Amino acid sequence: MSIRERLSGNEASSVAMKQINPDVVAAFPITPSTEIPQYFSTFVANGAVDTEFVAVESEHSAMSACIGAEAAGARAMTATSANGLSLMWEMIYIASSLRLPIVMSLVNRAVSGPLNIHNDHSDAMGVRDAGWIMMFSENNQEAYDNLLMAHRIAEHKDVQLPLMVCQDGFITSHSIENIMLEEDDEVKKFVGKYTPEHYLLNKNEPIAVGPLDLQGYLFEHKAQQAEAMKNAKQVILDVAKDFKDWTGREYGLFEEYKLEDAEIAIVCVNSTAGTTKFVVDKLRTQGIKAGLLKIRVYRPFPTTEIAKALAHVKAVAVLDKSDSLNAAGGAIFTDVTSSMYVNNIHVPTVNYVYGIGGRDTKSDDIESVFKDLSEIAKTGDIGNPYRYLGLRN
């Protein structure tokens with residue numbers, strides 16, 4: 001039976017980690033994810049878990065320790081944000097190339113510089129092509145649920161890739177919300193035990209991990225990673241179905257909120273979806289057919305599915321909480337428009353970069369986007385597709 005509780009996003013993530021009871025957690029504190037290993041360390045200290053907690057000297061070392069643990073045959077987890085993820089950069093790629101299903105809680109924050117500790121998505125978008133499965137969380141419940149599903153996805157024999165669960169720094173990580181927790185024993189039953197086929201401590205199969213990989217093999221190994229990422233899409237859906245059967249909470253690759261008959265729609269990730277839902281409800285009372293497509297799974301990117309879901313609308317706005325600094329919009333915009341183009345679906349689409357460095361994004365801001373979309377739907381004129389939302393002149 002589910003347990004009603006009130007927790008912040010960081011607390012919810014740490015409770016999920018406690019219930020999973022991984023073999024190893026290695027972490028170094030960085031705002032705003034610091035509380036996750038901090039809370040988890042108390043679970044270690046009071047004997048609630050038998051995890052080996054490794055307090056390392058840097059985030060590079062944290063990911064290195066997780067890589068060593070997974071390669072040895074242990075289930076490993078960590079948490080970080082922003083500059084901490086940047087310091088892991090080398091090891092982030094190594095973790096995915098070695099096909100190690102590490103699970104990381106990434107509490108999204110602006111990457112320096114200048115120094116800013118508040119929320120945007122520049123950290124996650126900076127590693128979007130590093131070979132990690134990426135899942136985004138609108139609220140504390142979703143952050144908790146995503147972590148419960150993460151190991152079953154990452155460790156699946158057809159996947160074997162690391163996975164990061166993202167949530168918005170401070171906005172959800174430090175905000176307390178009502179949440180439904182599952183029983184510890186039920187979580188352990190759902191997640192299951194980690195039984196890798198190949199690992200360093202298997203005395204019956206001596207192996208090397210991380211050998212030199214030159215012209216003769218690296219191409220093929222990267223193609224195998226790409227194939228595993230493709231496989232992850234169906235595994236994510238299968239695990240989500242089992243999760244729904246267990247908890248009653250339903251998840252897909254993305255969420256369609258009043259999108260079925262929408263004429264104008266916004267695409268976004270994480271907590272902005274909650275604000276957008278509020279605005280959609282308001283506009284619906286005024287007879288405006290607004291809708292939302294909230295991306296939950298960003299890697300693998302659900303190209304065909306998103307294109308199909310948006311095919312009937314008259315205008316789309318993609319919101320990016322980071323800028324690719326390429327003079328051609330943000331990362332999510334690029335992925336969405338590419339998906340629609342290759343599926344021969346042509347809907348007027350504009351991009352709004354917003355919320356950089358924690359700039360507040362209010363319902364009035366989202367409403368102004370829908371107002372712009374209404375005009376585009378009438379005229380078909382996109383104008384400048386690369387826009388800013390909430391930028392001071």
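With both residues required to sit in segment 205-328, DSSP beta bridges show an antiparallel share near 30%.
For segment 3-247, the spherically averaged projection of the C-alpha convex hull amounts to 13.2 nm².
Each of D185, D168 was scored by other Cβ atoms within 10 Å of its Cβ. Arranged with the fewest first, they read D185, D168. GNM remark for the chain: springs join alpha carbons under 10 Å apart, and the peak mean-square fluctuation among Q224, Q215, Q19 falls on Q215. Taking θ as phi - 60° and the Karplus parameters 6.51, -1.76 and 1.60, the scalar couplings of segment 366-377 work out to 5, 5, 5, 5, 5, 4, 4, 5, 4, 5, 5, 4 Hz in sequence order, x denoting glycine and proline.
Computing Rg and the Kirkwood Rh from the Cα coordinates of segment 140-247 gives a ratio, Rg/Rh, of 1.06.
Under 19 Å Cα to Cα from K18, which lysines show up? Leave out anything in the same chain fewer than 8 places away. Output for K18: K188, K189, K193.
The GNM of the chain, with springs linking C-alpha atoms under 10 angstrom apart, assigns the highest mean-square fluctuation among F254, F43, F219 to F219.
Peptide packing for 69-76, 102-109 was compared via the average number of neighbouring C-beta atoms within 10 Å per residue; ordered from the highest value, the list is 102-109, 69-76. For segment 203-324, the Kirkwood estimate of the hydrodynamic radius, built from every pair of different alpha carbons, is 17.4 Å.
Dipole magnitude for the chain: about 660 debye, using +1 per Lys or Arg Cβ and -1 per Asp or Glu Cβ, origin at the Cα centre.
Counting charges near R4 (Lys, Arg +1; Asp, Glu -1) among other residues having Cβ under 14 Å from its Cβ returns a value of -2. For the options G383, G358, G216, a Gaussian network treatment of the chain with springs between C-alpha atoms closer than 10 Å singles out G216 as fluctuating the most.
Among L200, L87, L161, the order by Cβ neighbours within 10 angstrom, fewest to most, reads L200, L87, L161. Taking a ≥ b ≥ c as the square roots of the eigenvalues of the Cα gyration tensor, segment 254-389 is rounded, since a/c falls below 1.5. Within the same chain, lysines fewer than 8 places from K314 are excluded, and of the rest, those with a Cα less than 22 Å from its Cα are K258, K277, K282, K289, K294, K371, K378. With the charge dipole of segment 3-247 set up from +1 on Lys and Arg Cβ and -1 on Asp and Glu Cβ about the Cα centre, the Cα lying farthest toward the positive end among the listed residues G84, A240, Y144 is that of A240. Helix 272-285 axis versus longest C-alpha principal axis of the chain: approximately 30°, rounded to the nearest ten.
Between S363 and Q215, the contour length at 0.36 nm per residue exceeds the alpha carbon distance by 48.0 nm. Available extension along the chain between N384 and E186 is 66.1 nm, counting 0.36 nm per residue and deducting the alpha carbon span.
Simple point charges give the picture: +1 on the Cβ of Lys and Arg, -1 on the Cβ of Asp and Glu, and for segment 126-248 a dipole about the Cα centre of about 400 debye. Using C-alpha pairs below 8 Å separated by at least 6 residues, the relative contact order for the chain is 16 percent. Could you tell me how many degrees, from 0 to 90 and to the nearest 10, lie between the Cα long axis of helix 59-72 and the main elongation axis, the longest principal axis, of the Cα atoms of the chain? Once rounded, the angle reads 60 degrees.
Of all the Cα-Cα pairs you can form in segment 324-393, what percent are over 14 Å apart? Of the Cα pairs, 65 percent sit more than 14 Å apart.
In the chain, what % of DSSP beta bridges are antiparallel (nearest 5)? Around 25 percent of the beta bridges assigned by DSSP in the chain are antiparallel ones. Simple rule: put +1 on each Lys or Arg Cβ and -1 on each Asp or Glu Cβ in segment 3-247, find the dipole, and look at H198, G68, S33; the Cα lying farthest toward the positive end is H198.
Residues F40, F190, ranked from the fewest to the most other C-beta atoms within 10 Å, line up as F190, F40. Packing here is the average count of other Cβ atoms within 10 Å per residue, and on that basis the peptides 51-62, 134-145, 293-304, highest first, run 134-145, 293-304, 51-62. The convex hull defined by the C-alpha atoms of segment 192-275 has an orientation-averaged projected area of 10.4 nm².
Taken together, the values in this text are just the output of simple stated rules run on the coordinates, not laboratory data. Treat the numbers as computed from the prediction; the structure is a model and nothing was measured. We place every Cβ from the backbone using ideal geometry, glycine too, and count neighbours over all the protein chains shown.
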